[in-house]
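Notes follow once the structure below has been shown.
The values are calculated or read from the model by the stated rules, or taken from the named source; none is laboratory data. Predicted, not measured: the structure shown is a model, and the values here were computed from it. Please note: Cβ atoms are built from the backbone with ideal geometry, for glycine as well, and neighbour counts cover all protein chains shown. Remember, those area values only see protein heavy atoms, side chains included, never the ligands or the DNA or RNA. Shrake-Rupley method; radii C 1.70, N 1.55, O 1.52, S 1.80 Å.
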Amino acid sequence: MIADALMAQIAAVLKDGGEWCDLEKAHVLAAIVLALRPRVTCEIGVWMGGSLVPIALALRALHDLDVEAGRDPARRRAVAIDPWTKEASCVGQEGADEAWWASVDHDVALAAFRGRLERHGLTEIVEIVRA
């Protein structure tokens, strides 16, 4: 079953996104995508794609299901919105949280996210908006 393969794939790649999204959440997000069959999803605050990559993998699984069933596959995409800047990340943060966001390299996080998209063949599905 394609859902089982998708959930196994998510479990295998999830750790690359850091500790922002646990496996249960990733599986729930993917299951929602499979159930609702959206053409467009959007995430604001992507960082390294901990939750967006599972969503994009589910969108690709829907495409594969359509092809397998002989249906014209809908163009599906995920829009990833994040400024990837210290200034934006520090807004509303205090103390240790503010210090952490000010200390991390946002360009490295974006590069890691882009690398994940490339490794998993998701560059055609995910549109990055750095804003």
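Classify segment 62-117 as rounded, prolate or oblate, taking a ≥ b ≥ c as the square roots of the eigenvalues of its Cα gyration tensor: rounded when a/c is under 1.5, otherwise prolate if a/b is larger than b/c and oblate if not.
prolate
In sequence order, what are the phi-derived ³J(HN,Hα) couplings for segment 12-29 according to the Karplus relation 6.51 cos²θ - 1.76 cosθ + 1.60 with θ = phi - 60°, rounded to whole Hz, with x for glycine and proline?
Calculated HN-Hα couplings, in order: 6, 9, 4, 4, 5, x, x, 9, 7, 9, 7, 5, 4, 4, 4, 5, 5, 4 Hz.
Would you pull out the residues with amide H under 5 Å of THR41's amide H, same chain only if 5 or more places away, H placed 1.01 Å from N?
Residues meeting the criterion, in which the H sits 1.01 Å from N, are ARG77, ALA78, VAL79.
Out of the total accessible area of the chain (probe 1.4 Å, heavy atoms of protein only), what percent is carbon and sulfur?
The value for the chain is 56 percent carbon and sulfur by accessible area.
Compute the Rg to Rh ratio over the chain from the alpha carbon atoms, using the Kirkwood formula for Rh, and round to two decimal places.
Value, to two decimals: 1.01.
About its Cα centre, what dipole magnitude does segment 31-131 give when the only charges are +1 on Lys and Arg Cβ and -1 on Asp and Glu Cβ, stated in debye to the nearest 20?
For segment 31-131, the charge dipole is close to 460 debye.
Nearest 0.05, what FRET efficiency do ALA35 and ALA111 give at R0 = 35 Å with Cβ-Cβ as r?
So the FRET efficiency works out to roughly 0.60.
Determine the per residue accessible area of the chain with all protein chains present and a 1.4 angstrom probe, expressed in square angstrom.
56 Å²
Picking from ALA61, VAL91, GLY115, whose Cα lies most toward the positive end of the charge dipole for segment 56-131 (charges on Cβ: Lys, Arg +1; Asp, Glu -1)?
Going by the Cα projections, it comes out as ALA61.
Please work out whether segment 1-54 counts as rounded, prolate or oblate from its C-alpha gyration tensor, where a ≥ b ≥ c are the square roots of the eigenvalues and a/c under 1.5 means rounded, while otherwise a/b larger than b/c means prolate and anything else oblate?
oblate
Given R₀ = 30 Å, FRET efficiency for VAL79-ILE2 by Cβ-Cβ distance, to 0.05?
Once the sixth-power term is evaluated, E becomes 0.80.
So which trypsin sites (Lys or Arg not before Pro) in segment 44-131 end up in coil per DSSP with only 14 or fewer other C-beta atoms within 10 Å?
Loop-located and lightly packed - ARG71, ARG75, ARG130.
At 7 Å along the Cα-to-beta-carbon direction for both ILE44 and ARG71, put a label point, then send me their distance in nm to one decimal.
Here the answer is 3.0 nm between the modelled labels.
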